[in-house]
Every structure is written in C-alpha cells, then in structure tokens.
Amino acid sequence: MYYDSNTGLNKMKRYYFDQPTTDKFVEFLMTQAEVIAPQKKGDASYSYEVVTSGKDIVYDYPRTIQPLKKYFLPPRETLLSFDSKNNEFKKTDIALNNRIFFAIHSYEMQGIKRLDYSFTQGNPEFNYLQRRENSIFIGISFNPDKWHFTKSVGISIEEVERFSLYFEPVDNGFLVFEVDDTGKELISKFGNGLSLDASMDFEVREKEFKTKIKYHYNRLPQVFEHVYNSKVWSDIAQKCVGCGTCNLLCPTCYCFDVRDEVELEISKGKRERFWDGCMLNEFAEVAGGENFREKLSSRTRHRLHRKFKYITDHSGELHCVGCGRCTKYCPANISIVEIINNLIEEYSDHQKEQII
Amino acid sequence: MENTAIEKQDLYYPMMSEIVKVETLTNLEKRFEIALPDNQILGHLPGQFVEVSIFGYGEAPISICSSPTKMPNFDLTVRNAGKLTDKMHSMKEGSKIGIRGPYGNGFDVTKFEGKDILFVCGGIGLAPLKSLIDYTIAKRQKYGRIIILYGTKNPSEILFKEDIKMWQGSKEIEFHMTVDKPDEYWKGNTGVITTLIPPIDLDISNTIATVVGPPIMYKFVIMSLKGKRMPDENIYLSLERRMKCGVGKCGHCQINDTYVCQDGPVFHYPHAKQLEEAI
Amino acid sequence: MSKPKVAFFDFTSCEGCQLNKLNLENDLLSILELVDIVEFREAMDDKADEYDIAFIEGSISTPTCVERIHDIRRRTKILVALGACAVNGGINAMKNLYPADWVKEEVYGEDKYLFPSIPVQPVSALVKVDYEIRGCPMSTPEFLHVLKSLVLGRKPESFDYAVCVECKLKENECVLDKGMFCLGPISRAGCDAICPSNGQYCTGCRGLVSNINENGAVDMLKQHGFSEKEALNRMRLYCANDIEN
Amino acid sequence: MKKDLNINVHHLTRVEGHGNIVVDMKNGVLNKSELHIVEAPRYFEAMLKGRNFHEVAITTSRICGICSLGHQLTSLKATEVALGLEISEQTEILRKILVDGATFQSNILHALFLATPDFLNVGSVFPLINTHKEVVLAALRLKRLANDIGDLISGRAIHPISCVPGGFTKLPTEKELSDLKEKLIKEGIPDAEFAVEVVASLADKIPTFERETEYISVYNDKEYGFYDGVICSSDSGLIPVDNYLEITNEFIVSHSTSKHAKFNRSSYMVGALARFNNSHKLLNPLAQKVAEKLGLVAPNYNPYMNTVAQVVEVAHCIENTIGLIDMLLDRGIKNEKPNQEPTKYGRGIATTEVPRGILFHDYTYNRKGLIEKANCVIPTGQNLANIDDDMKKLVPEIIEESKEDITKKLEMLVRAYDPCISCSVHMLEVDFIE
C-alpha cells in the first residue's frame, strides 16, 4: 500500500539535528556498531561503504552504484572449503556483527524487503538470513532525478517501513523521526541534551518524479498477463547488447552461479558462489549445450516478468523498486520505464480493440 | 513417505556418501549405487533427483534411477557429459561423493494406482523413469498394465540390458523398443520412438503416460499420444534444466514462473503446456 | 599419478604471456611441485619429444609457424591457446586489415621480399585447440585455474559473458559514463575487469562475447559519441578477424 | 689450427624471441658469423596507421611483453610531443618510478634467471631450485618486488594500464607508496646485496673478451639517463633527440627480420654497459659501491660485462625509487586527471632508456588525431650489427677451443646483450650453418 507520508511521519516523535549534532550522532553510531553509509566513489558515483570518518558520508546522493544487497548476498562468497583427500569440508563462518546502515533511501530498504521474501520463501537460506540479523537501518529522504520512478511502483520517498529512524533534510540540518523502538533506544542513548522538537511544523513537500509509468502500479501485473508475445521484446533486443548490467545492479536480482576452485595444493579448495544474471549468454544453457533462452528478446522478457509478474503473483508486491539503476547504467540507454510504457500502450490498444 | 535425510541438511552442504557399486552400462553410462552416511535412507519419490558433488569438480543434478522400495541405498545412472560426470566415471567402489537431496517434484505414485501406465523413454530418459518402472513392478498388484516403450539412437546406447531381458521375458510387462540407427546385429524395430506408439492398443481413459527423453523428443511423442486421443491430464513428463542449486534459489532452471528444481522435474503436462519456454 | 609434462611455445607475439608466468614468483615453486616443465625456450635450454599439456603463445603468421604448430600438436595430448594472439590473432591480426604488400613495404621498403609472411591466424585455424586462455596479456589467475583444472583432469571454466559483469561486481564507476570509450559491454570477461578497475577503458583484448548483437553494439557506441567508423575500428584492435563488416 | 667450423644454433634459448647463431669458417677464412633473426615480422608501424592517440601506446606496448613499459612510456612521450600535451611533475615522477621498476625487473630476470645458469653450467634456473635454493628464492623475491612497483603505479607490470597520454587514470595512495618504500628498504636492498654477492662469486666465469665500440645511450646531466634526456655517443658527444635518424641509420640485411643500425663505425652498442660507460658518474651511492665490488670500471669494453652493469643498475633503481617515493610523499598525491586535450597535431619524437638500451618512437598525427606515420627503433635492433662484429672478432680468438665451448661462448655473448627479439622485429636464435 502506498504510504501516506504526511500522516505517517506526523505521528512520530521528531528531533532537530543541526549538522554538528548529526556529525556527533554518526560518531555515536560508530561506537555502537559498524556504520555503513553512502560515500563518494570515483568522480560522480556513490557507493555504500564502511564509515571510517563521518566526513565521508554523502547525505544528498542520488543512488549508489550497487544496492545494499552486497552486504547480505556478497558478489563472491565462499560456501564451503574442502579437503578432497580426506573428504572433509567446512562451512563458512558468517560473522554476526551488528551493523547500522545509515542514510538509506526508501526504495533501497524496499529492495531488501523483496530479497528477504526471496530468501525466506520456499527453502530459507541460512547464509543470507544470518547476514541480515543484527542490522539497523536509518533512512533518509532523497530528491528524485530523471531515473528514479519509485512512486510509480508504489514506494513513496517517505516510506519508513523497516527503518528505525528517518532523516528529513531541513535548513542547516535534519528532522529526525523516531520510527521504531530501536530508533527510540538509539536516540535516548545518544540523547544527552536533545530535546523533543515539535516546534517545527512538518509537512512533506510532494516531490515531482520526472519518470513515470503510465498505469497505476496495481494494474501492472494485469498488463503482464497479456504481453508475453509482445513485439516490444524484439524491439528492445535490437538495442540490447546483453551485458547484464541491469541484472548485476538490480536490488532485487539474486540469481547466482556456483564454482569449485582448488589451490595449487589441489586437494584443497573452495566452493564459491557468484552473482549471475538471466540476461547473460549461458544462463539457461544445459549440460547438453541447449540454450533455452538464447535470444536477447526472451531474456529481457524473462527479466521483466520476474520483476512484475512471476514473483509478484506469489508475494503480492512488485519486485521492481524504481531505483532506476538498470536504466541509468545501461550502456545502450534502454529504459525500463519506456519498456513498460510501451507494453502498456500495446496492452491498452489491444483492450480497446477487444471492446470494439 | 518420509524425507528422512533432507531434514538434517543445510541448503548447500552435501552429505558425504559412498559409492558402493559401479556398473558399466554403455560406453557413456555407468550406474552407481550410493550409500548415505549412517545408513540413512534417502526417502525419495520416483522422478526426484539429487545434487551430486565432487570437490574440485562442482555439483550436478542427477536423477535417481532406483525405486524407493530399494533400501537403504539408491542408484544413479550417470552419463559422462561434463567435468563432474567425467570424474565420477573414474571413481571406484569405496570413493566418496557428496549428496544433497532428494529434490524436486516426483511422480505421484498414489494417483497412478489402478491405472495402466505407459512409459515412453528416449535414450538416457530411461534412467529417471526406471525409478518409477521398478516401483510399479515392486507394487505390481496396485497398477494395471505396464507398457514400456524405449528408443535409443543406436544399439550401443541401450541401458539396463539385464532389466530389459527381464521385462521382455515377463508376462506382466509389455516392452517394446526401437533404435534409430541399427547396426548389423540388430534384429528389432528401427525408427524413432514415435513409431512404437500407433500400434499399441490403449485404454486411453485409464492410461497414464510418462515421457522422458531429450528435449527434441517431447513435441513429437505428445503429438502421437494426442493422435491416440490421449487427454492432456493423463500425460506426465520430466524436463531437463540447469538445476544448479536444487533448492529454488539460483534461478538457472526457471521456466517462466516455475522452478524446475522445485515444481519439476516431473510436470503434469497441462502445467508444462502453459510454460511457453518449456518444450 | 606422475606429474604432467608441460611445455610452452611461442609464435608471433610479444611473449608477455610467457613472461607473466615467470611473474608467478610466489607460486612458481608450487607449480613445479604440480607439473614438470619440460620445454620453455624463453627460460630454459631443455627440449622434450612429448608433452601432456602444451601452451601455445602467439599467432600463426609465417610458413615456418605452420609447420611448427602441426609438429607440436602431434606431440601433445592437450593443447591450450594462451593469450589473445593465439586465441584469435590478437593485435597482430590488424595486419590482415591492409593489403599484404603495402604492410611489408611500409616497414621493409624495397627489401620486403626478404621475409615471407602470411595472413595472421589464430592457432585454432590450423590445429585443434582444446582450451583457450584469453587476454592480452593472459591473466595469471586464469592460467593457474586452467593448469590446476587440467591437472585435476577437469574442463576449466570459461567466460562467455561481458566484462561489464565483473566490473559491476567490483562496483567500478562506469567508464562510458565518464565520457570515455569502452568495449566492456561486449567483450569477454575473465580479466576481473582489470582495465576499468584502473580507470582505463576496456579494449576488448579477450575478444567479443559469442552471440553478440553487433549492430546494437555499434549503436551503443554511437550513442556515447563515437562514430560508426571509430567504433568498428576500435573493436578491431583485438578482433580484426572477428568483426565482419 | 682448425680450418673449418660450422655452427648453427637454432632458436637460441633463454632470450626473448627467436634467433639463430650462424658461424661458417672454411679453410681458416671466416665467411659468416651472424646472429640470424627469424622471429616473424610484426609490422607494427603499419598497424599503427589510422589509430587514434588513445590506442597508440596500448598497441605499441604489445611490441614486447618484456619491454612493454618502456614502449608504453616512449610512445606516450612521443604522442605528447606531437599533440602538445603537457604533463605534471607528479606524472613525471610516477613515470620515473615505473622506468626504475621495469629496469629493475628486467635486469633481475636476465642476470639471475637467464644468464646465471650459464655460469653454473645448467640449462635453466629450475635445477638451481635444488642446488641454490636461497639464491633462487632471493631472486624470486626481487622480481616480485620489482613487479610490485609496476603493479602499483600502472595497474599491471606487463602491458601497463593506467599510464595514458597526459597522465594516469588511477593514482597510488600515499599509504601504498609508503608501504612499497618500506618493502624496498627492508627486503629489496638486503636481497639485492645478496644477489651482488652471488654475482661477485661468479665473476671469474665471465669470459674475458674486449672490443671497443661506440656506446650510445640517453644522457641527462641531472640524473642517470633513463626516463629522458639527449642522445649521447661515446664517439661524438651529445646529439638532440630529433636527430635520431642520423644515428640509427637503419638498414636491412637478409639474415634478419629486424633492421640493423650503425653510426660512426660499422656498429654501435646500446644497453646497460653503454649507459654505464656514458653515465657512470651519475649512479647513486649504492650503485657506485656495487660497481666497485663487482670490478666494473668505466670505460669497459667487454660485452659480457653487460650483465654485470645490469646488476649495478638494479641497485641504482632500488635506491632511486626510494628517493622518488619520498619526493611524492613530501608533495602529497594530488588527484590529477590526465591531460588529453591536444593543442596541436604534428610530429613527435621521443626517447627513453629501456632495459636493453635506447629506444625511439617517432609519430606523425594528422589533424583528426590519427597516426599518419610511425617509426620505432628498438635497442636490440641497434645492437645486432654490434653482435655480428663481436662474433667476427671473437671466433678467431677462440678457434682453438672445442666446438661446444665455442658454441657456448657465442650463446653467452648473444645472451649478454639480453636481446629482445620480439621487440626488434617488432626479434633471437643462433644458427651455426652446416
């Protein structure tokens, strides 16, 4: 359900942090746990990294290159290490560190929520769930750029679900909302001299998204019922080069491959898993060499159906969170919103024809 | 049937099991009898598979070819087709391999009770079906006719020759086979497997057809079955995909919204028909 | 099991791939535990008659090369093409883009007739290649992977997906986004995206991913401000034998 | 006295590339004593045509895997001159570290892995792992350390990545630099000193042979000439880089796919010994001490001593790198982007001392920024005529020795030049004609 930003936030206790207070708060957080927050990477990119100095945190970032997923489902992970001489293996120890994820956007948190679903339904996966334990998330508002379309998939900027605290930038600082008990506890531990600041009237200014899906998000699964044989898929395949960037940056993609690698002492080695992607050449290839999704058109179709239909049919939620990464980083400038709008157009034309 | 072994497993961690018997079936195929640790019983349904792992060589899904009635050990028929299977072929009795499973959807044997069962097996497809064949033979009185159709490319690829001899000699089993490319000693039928279907007289409403073979075979076998007016609901098939994790996570075996490793490999044909990329 | 006999041979190349092996300083002693190096002209005098594994560096570009490669194939059980030159002709294959006479004249002038040279070909054009290690130079982790796999008797992993994949795993800032040229979206991975990770663009040294959408790739580069001519010209740096139009 | 001698060493080993040694003496008359270069021709000059400036150094570094850094830097410098691209002081210091690292690496490889087996009568370094384990381990550590320099500064020691026209696409951090410095001091210097002891113990195995020739190298009055400077000839003094063609005078001989070169005499020598003879006064103190220890005094006319000069240079490079790192750390690493906006298009000529000697790249760019004409003159090519001349003098001097000994001495002679044949054909083998 779309979150009513004003009433939601207005019910919460809120504090005003000026920048020096915010800096102190970060220092305080660092005493509580490992803090992970957006930081500059390269010339004009951002990445969630472990904070070593509060000064490195970027509060007004558009999006990071990789979603937060990398902390729960590492790009490369040792599943087990083995000794084939003795037929023994050892599971990987997954450290149970407390971690605070700070200055997180709503769509990112929702991305984690989708992953939680994927790793708990069916056979729950221990490795993922273990890494998810003991994580605290602190949200922050953001200004949509031309790639965000979170609102179109039903996620508001101020969606605070699963955050403990939420930061809304105001003049020279932030309004900090107490979302849950963990947040409350953090504030009270930090809070010597902090006073409840209700003096400032708060109203969320609706921020305009430049990129929009033409239909309400509720109607998208219905559209996807009818577009399996659309020509949109082959149109996209003309432009797509199959690099897999869209898979590898998506907050809700979680497909992987597993490989064994031995050491130079070849009886010892490890079984590792890597992120994989359904857009890649050999993804659906079987041992005999047959490739069940050889064409780029069928690969794109599969990817989009996973975001808007297949998992949605079971979870009831769209598995696209509108972060815009697949579009911003697509080297061929393919826009996911454009694909969906083209599908919608075709669908509505078709519906009209049927009425006539 | 209880899944005695699976409850103790962590998703990606194999049980170190022992190869207790190795039997060469053809140039490409060997049958391995596997014993789980501590005399555990695998507790599988016919049609299910296990993930076999050999350290340094990876993992591969292999269908179980013995009947659940055979206990406590189970059999895997393995074609030498990749790095893991190649290694497995070099292994001797007493060697250790890792087993995860059983996984996936098997044949619903109780639903088949009282019915005639038609087995259509192409090439290595006989291995997964053998588990069901053996099961129905073991519980012979519960089932109607047992009709086995088996086709291979050439006589050298024929699997389970001992069993075939037994099936051919049994009055309780109707067995027919064919090869695409006969050699000079071949005296039986020649032609693709679909040539065996028309001559058979079937009580269509009471017959279950189970079909397993190479990807190309399904379309044609189903066409011939339809030619005998066999209803879709009576057809079952088992599909091959790259089931890397076996537990519905890694995504490789997904066909539309279906994970073959969870909802398959055995599919009821009305379901498989709807999966556009399936056959 | 006795140690496999390994030999290294060089054809037309810069020998950087071989040197890369000598640069495995930390692992050299362990490698010598694993295999017997029986022939390696760049580093030793010894010669052998037969090998279990022959690694071939360089492309075939003279009539004598042709004889030598057939001879090696006869002596070895497994033949591995090592590096871009051996796998697809590499940078040497650029020569094939020009009329042969012009090329020779440009370098040797009127003495061009002195040196026989044939179009540059990958090793696989002449003999059966069992495995390939791509890259210019080859990546040492991949070489070790192949060596270990062959000792184990298993098929090594190959990489038929784009450099973009590895680049994204490393969370590098996108090179194309910085306004630079880049072949990462269509070039084969396996290098761990080493060039983009060092702020440089991908030159496609490992060849193109199979099954690529060539028109789409040219359009993509055009969208990033490179003319079709430049796009194709730069794709040919390492793939002169593979690009059609 | 022997009247006839035929030697044909096919595909000389422990050198980079394919070359044959051919000696033919009949009735006491030496008809032939040549190093045949049979490496396949590469045609880089032709391949460069039409390439834009971003691709040129990437391409020319592929002339040779062993000298890739040298080709890369010389190429970058030539491009920068041609296009009017200024580089920063930081870039220049980083590049000097790279040259030191590459020379250190290549010299160690040659002196300890390729030449040393000759002195110990074995066919490769591998048997030494059992007989001289400590030496091999120290040599491996040194080589690793030298490669670490290249890996850190340019992303990869072979075919460097991050040095591009106008600067670097990635910079090392100050922490990485100070870690490297620490390693050079704690491991590099002691291992280098150990290596010097080893070479000193083998000094009596080095053949005594002398032939005075012309020595040509890069010269720079402020520092030992590596990264940049003017051309210095031991015969005629300093010459501007732009006049390189007057010195190299390349010519084609039928027994070599690599071109030969000559200046004031029928041949000249480049490489470590030439550099030492011309610039020895500019070696830093550690290298001076090593030269003294190894008995290398300028001018030295024994080409076999080239290997010893290489060892001296290793000491120089290590100490020099430490000094350069200090300079960088004093200044602090500045986050500079490469300067890639051409201010002109035209011709650019550059020279660098690479491990095997003086290297020239000469490019002409058209107004679209594409290469119109390219010429690369490679050190091994420049040494070939000198090797032939050495053999011509050496063979009659050792003619009374056994054919095996003669062959070995000839092989060692060619190897002493540390020839890089892929490079020179853009070429080495020894054929004794039978």
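The values are calculated or read from the model by the stated rules, or taken from the named source; none is laboratory data. Just so it is clear, the model here is predicted, and its values are computed rather than measured. Neighbour counts are summed over all protein chains in view; Cβ atoms, including those assigned to glycine, are modelled from backbone coordinates with ideal geometry. Surface accessibility is based on the protein's heavy atoms, side chains included, excluding ligands, DNA and RNA. Shrake-Rupley method; radii C 1.70, N 1.55, O 1.52, S 1.80 Å.
Summary table
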{"read-out": "Disulfide-incompatible cysteines by the Cβ rule (no partner under 4.7 Å) in chain B", "value": "B:CYS65, B:CYS121, B:CYS253, B:CYS261"}
{"read-out": "Scaled radius of gyration (Cα, divided by 2.2 N^0.38 Å) that region D:113-271 gives", "value": "1.34"}
{"read-out": "Average beta-carbon neighbours from other chains, 10 Å sphere, peptide D:165-174", "value": "2"}
{"read-out": "Translational D in µm²/s for region A:199-356 (Stokes-Einstein at 10 °C, 1.306 mPa s, Kirkwood Rh from C-alpha pairs)", "value": "88 µm²/s"}
{"read-out": "Trypsin sites (Lys or Arg not before Pro) lying in DSSP loop within region A:7-65, provided at most 16 other Cβ fall within 10 Å", "value": "A:LYS11, A:LYS13"}
{"read-out": "Net charge over other residues, Cβ less than 12 angstrom from the Cβ of D:LYS408 (K, R count +1; D, E count -1)", "value": "-2"}
{"read-out": "Peptide ranges B:68-79, B:171-182, D:293-304 listed from the most packed, as the mean C-beta count within 10 angstrom indicates", "value": "B:68-79, D:293-304, B:171-182"}
{"read-out": "Accessible area buried between chains C and A, both sides summed, probe 1.4 Å, in Å² to nearest 100", "value": "3200 Å²"}
{"read-out": "Percent accessible area from carbon and sulfur atoms, region C:5-151, protein chains only, probe 1.4 Å", "value": "50 percent"}
{"read-out": "Nearby lysines by direct alpha-carbon distance to D:LYS408 (threshold 21 angstrom, same-chain neighbours under 8 apart not counted)", "value": "C:LYS47, D:LYS2, D:LYS3, D:LYS26, D:LYS32, D:LYS205, D:LYS392, D:LYS393"}
{"read-out": "Per residue, the convex hull volume that the Cα atoms of region B:4-103 enclose (Å³)", "value": "88 Å³"}
{"read-out": "Debye, to nearest 20: dipole size of region A:9-190, +1 on Lys, Arg Cβ, -1 on Asp, Glu Cβ", "value": "360 debye"}
{"read-out": "Value of [θ]222 nm, deg cm²/dmol, for chain A, DSSP H segments ≥ 4, -39500 (n - 2.57) each, nearest 500", "value": "-8500 deg cm²/dmol"}
{"read-out": "Per-residue ³J(HN,Hα) for region D:402-412, Karplus 6.51 cos²θ - 1.76 cosθ + 1.60, θ = phi - 60°, Hz, x for Gly and Pro", "value": "5, 4, 4, 5, 4, 4, 4, 5, 5, 4, 5"}
{"read-out": "Angstrom value of the Kirkwood radius, inverse mean 1/r, which spans all Cα pairs in chain A", "value": "22.3 Å"}
{"read-out": "Reachable aspartates and glutamates from B:LYS161, criterion Cα separation under 20 angstrom, eight or more residues apart if same chain", "value": "B:GLU23, B:GLU29, B:GLU33, B:ASP75, B:ASP134, B:GLU172, B:GLU174, B:ASP180, B:ASP183, B:GLU184"}
{"read-out": "Lone cysteines, chain A (no partner Cβ under 4.7 Å)", "value": "A:CYS240, A:CYS255, A:CYS278, A:CYS320, A:CYS323, A:CYS330"}
{"read-out": "Aspartates and glutamates whose Cα lies under 17 Å from that of B:LYS228, excluding same-chain neighbours fewer than 8 positions away", "value": "B:ASP116, B:ASP201, B:ASP203"}
{"read-out": "Charge sum, other residues only, whose C-beta stays under 15 Å from D:SER201's C-beta, Lys/Arg counted +1 and Asp/Glu -1", "value": "-3"}
{"read-out": "Computed P(r) (all Cα pairs; chain B; 5 Å bins; percent)", "value": "1, 6, 13, 17, 19, 18, 14, 8, 4, 1, 0"}
{"read-out": "Accessible solvent surface per residue of chain C, calculated while the other protein chains remain in place, 1.4 angstrom probe, Å²", "value": "35 Å²"}
{"read-out": "Average other protein chain Cβ within 10 Å of Cβ, residues D:54-62", "value": "5"}
{"read-out": "Listed pairs A:LYS239/D:LYS373; B:LYS70/B:LYS111; B:LYS96/B:LYS187; A:LYS91/D:LYS133; D:LYS77/D:LYS281 exceeding 29 Å between Cα atoms", "value": "A:LYS239/D:LYS373; B:LYS96/B:LYS187; A:LYS91/D:LYS133"}
{"read-out": "Size of the protein assembly as shown as Cα extents on the principal axes (Å, biggest first)", "value": "106, 97, 62"}
{"read-out": "Chain C: most fluctuating residue of C:LEU29, C:LEU221, C:LEU176 per GNM, C-alpha cutoff 10 Å", "value": "C:LEU29"}
{"read-out": "Within region C:5-151, percent of DSSP bridges classed antiparallel, to nearest 5", "value": "15 percent"}
{"read-out": "Per-bin percent of Cα-Cα distances, chain C [10 Å]", "value": "7, 29, 33, 22, 9, 1"}
{"read-out": "Helical contribution to [θ] at 222 nm, DSSP H n ≥ 4, -39,500 (n - 2.57), averaged over chain B, rounded to 500", "value": "-5000 deg cm²/dmol"}
{"read-out": "Choice from A:GLY173, A:GLY289, A:GLY139 showing the highest fluctuation, given a GNM over chain A with Cα pairs closer than 10 Å", "value": "A:GLY289"}
{"read-out": "Accessible carbon and sulfur surface of chain D relative to its total accessible area, %, 1.4 Å", "value": "51 percent"}
{"read-out": "DSSP beta bridge pairing in chain B, given as percent antiparallel to the nearest 5", "value": "55 percent"}
{"read-out": "Dipole magnitude (debye, nearest 20) for the protein assembly as shown, charges at Cβ of Lys, Arg, Asp, Glu", "value": "2640 debye"}
{"read-out": "Value at 222 nm in deg cm²/dmol, rounded to 500, when DSSP H runs of n ≥ 4 in chain D each add -39,500 (n - 2.57)", "value": "-13500 deg cm²/dmol"}
{"read-out": "Cβ crowding within 10 Å averaged over residues, with B:55-65, C:137-147 ranked highest first", "value": "B:55-65, C:137-147"}
{"read-out": "Accessible area buried between chains C and D, both sides summed, probe 1.4 Å, in Å² to nearest 100", "value": "5500 Å²"}
{"read-out": "Filter on A:LYS309/B:LYS219; A:LYS41/A:LYS210; A:LYS270/B:LYS219; A:LYS268/B:LYS249; A:LYS113/A:LYS207 - keep pairs with C-alpha separation over 31 Å", "value": "A:LYS270/B:LYS219"}
{"read-out": "Among beta bridges that DSSP assigns inside region A:9-190, antiparallel share in %, nearest 5", "value": "65 percent"}
{"read-out": "Partner chain coverage, peptide C:6-14 - average Cβ within 10 angstrom", "value": "5"}
{"read-out": "Residue-normalised accessible area of chain B, given per residue in Å² at a 1.4 Å probe", "value": "40 Å²"}
